[in-house]
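Asks: To start, I am sharing the structure in question, which I have written as structure tokens.
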Amino acid sequence: MRKTTPSQDFVRGIWQENPVLVQMLGLCPALAVTNSVKNALAMSAATFFVICCSSILVSSCKRFIPSEVRISSYILVIATFVTLADMVLQAYAPVQHKELGAFIALIVVNCMILGRQEAFSAKNNVYRSLLDAVGTGIGFTLALVMMGGFREILGTGSFLEYSLFGPNFEPWVIMVLPAGGFLTLGFILLAMGYVEERKKEKESQAAEVLS
């Protein structure tokens, strides 16, 4: 595995290796629950809690987990923290808990979380595993809030339930439907691809000038 610094462990998951926008992991909740910013924040908070706690525990106990049952052990650890997150949301945010429904339980099989345990936490100390988890969690949160904000603004004309355009605005109903998740993700990826292409063109032009 390529050696990285602690700062790189933290930063890479936020944008360079964003789990949703770059690695295309965790797309099920990203597409399903981002019809509003509140739902996106609730799912992000639950996922953030699970990935951080799981990374700490897996990194702490990696010496005691036999390699033959490591995946099963990771899933058991993740499922424990998902249950805690589900209970907390049900107690303190019942509206969001009801709207998120089964997608909270599906955090258990989120490839993003299981992948970080297998690829990083099981091979590094607690400090670096936590940095990696926090960076990945922030990246996941940014992606979901970006999608949720875009869909809520166009789909209902509001942001965090505050009206932005007045009573004459005609909502794009499709944006709060499942198809709106695919459209939003497509628009964001298209914009990212355009920016990246423009960046490469500028670098190429600069290299030609220098040569």
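Asks: Below 8 Å, C-alpha to C-alpha, sequence gap of six or more: please give me the relative contact order for the chain in percent.
Replies: Details: 254 pairs, mean separation 68.5, N = 211.
Dividing the mean separation by the residue count of the chain yields 32 percent.
Asks: Going by how many other beta carbons lie within 10 Å of each one, how would you line up Lys98, Lys3, fewest first? Write out the running numbers ahead of the final one.
Replies: Numbers: Lys98 10, Lys3 5.
Ascending number of Cβ neighbours within 10 Å: Lys3, Lys98.
Asks: Could I ask something else about it? Return a whole-number percent for the relative contact order of the stretch 91-197, with Cα pairs under 8 Å and 6 or more residues apart as the contact set. Spell out each step's value before the answer.
Replies: On the way: 46 pairs, mean separation 16.6, N = 107.
Over the stretch 91-197, the number comes to 16 percent.
Asks: Spelling out what I want: for every residue of the stretch 178-185, take phi, set θ = phi - 60°, compute 6.51 cos²θ - 1.76 cosθ + 1.60 (Karplus), and round to whole Hz; glycine and proline get x.
Replies: These are the phi-based 3J(HN,Hα) values: x, 4, x, x, 5, 4, 4, 4 Hz.
Asks: Further, regarding this structure: Quick one: plug the Kirkwood hydrodynamic radius of the stretch 21-118 (C-alpha pairs) into Stokes-Einstein at 25 °C, 0.890 mPa s, and report D in µm²/s. Write down the numbers at each step before the final one.
Replies: Working: Rh = 13.8 Å.
Answer from the Stokes-Einstein relation: 177 µm²/s.
Asks: Still on this structure: Amide H neighbours of Phe159 under 5 Å, at least 5 residues apart or on other chains, H built in the peptide plane: list them.
Replies: Leu164
Asks: Next question, about the same structure. Which whole-Hz ³J(HN,Hα) couplings does the stretch 105-117 yield from phi under the Karplus relation 6.51 cos²θ - 1.76 cosθ + 1.60, θ = phi - 60°, glycine and proline marked x?
Replies: With coefficients 6.51, -1.76 and 1.60, one gets 4, 6, 4, 4, 9, 5, 4, 4, 6, 4, x, 5, 5 Hz.
Asks: So which GluC sites (Glu not before Pro) in the stretch 89-187 end up in coil per DSSP with only 10 or fewer other C-beta atoms within 10 Å? Write down the numbers at each step before the final one.
Replies: Working: sites: Glu99, Glu118, Glu152, Glu161; in loops: Glu161.
In loop regions of the stretch 89-187 (DSSP not H, G, I, E or B), the sparsely surrounded GluC sites (Glu not before Pro) are Glu161.
Asks: Report the FRET efficiency, 1/(1 + (r/R0)^6), for Trp172 and Met24, where r is their Cβ-Cβ distance and R0 is 35 Å, rounded to 0.05.
Replies: That pair, Trp172 with Met24, gives E of 0.90.
Asks: Between the stretch 140-211 and the stretch 1-71, what is the separation of their alpha carbon centroids in Å?
Replies: If you average the Cα positions of each part, the centres end up 22 Å apart.
Asks: How large is the charge dipole for the chain, taken about the Cα centre, if only the Cβ atoms of Lys, Arg (+1) and Asp, Glu (-1) carry charge, to the nearest 20 debye? Don't skip to the answer; put the middle values down first.
Replies: On the way: 16 positive and 15 negative charges, 136 e Å.
With only Lys, Arg, Asp and Glu charged at Cβ, the dipole is about 660 debye.
Asks: Another one. In what sequence do Ile153, Ile51 fall when counting other Cβ within 10 Å, fewest first?
Replies: On the way: Ile153 18, Ile51 30.
Placing the least packed residue first, the sequence is Ile153, Ile51.
Any read-out appearing in this document is the output of simple, stated calculations on the displayed coordinates, not a laboratory observation. Note that the coordinates shown come from a computational prediction; the quantities given were computed from them, not determined experimentally. Cβ sites come from the backbone with ideal geometry, for glycine too, and all protein chains shown count toward neighbours.
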